[in-house]
Amino acid sequence: MTTLAHPDRLIQRAARFADRLINRLADLRTWGGGALDGLRHSYAVYRQRRALLAVDDAMLKDIGISRVDALQEGRKPFWRR
């Protein structure tokens, strides 16, 4: 059976390891959250453009755009501004 010669050193190493692990998990969470926000935004743009295609001429006139403008905007892919 072996005994630990320097238990304080072992505790310090474990604490540094835990700190690094927590920091990496926080970085991953930040990156993942940003990617998820981007996907949500892209899907919202997709839904809004598809809804614009379904609007009738009277409503388009109310919001001040023509049918041609609505078709151009509605047919754009979600990644294009």
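For this structure, a couple of remarks:
- Taking first residues from region 45-73 that are in contact (Cβ under 8 Å) with a residue 24 or more places away in the chain and partners that are part of a helix (DSSP H, G or I) and among the acidic types (Asp, Glu), the Cβ contacts under 7 Å between residues at least 6 apart in sequence or on separate chains come to Arg49/Glu73.
- Those helices (runs of 4 or more DSSP H) of the chain in which at least 2 residues are surrounded by 10 or more Cβ atoms within 10 Å (Cβ to Cβ) and at pLDDT below 85, considering only elements entirely within it, cover 7-54.
The values are calculated or read from the model by the stated rules, or taken from the named source; none is laboratory data. These numbers come from a predicted model, not from an experiment. Here the Cβ is made from the backbone with ideal geometry for all residues, glycine too, and neighbour counts use every protein chain on show.
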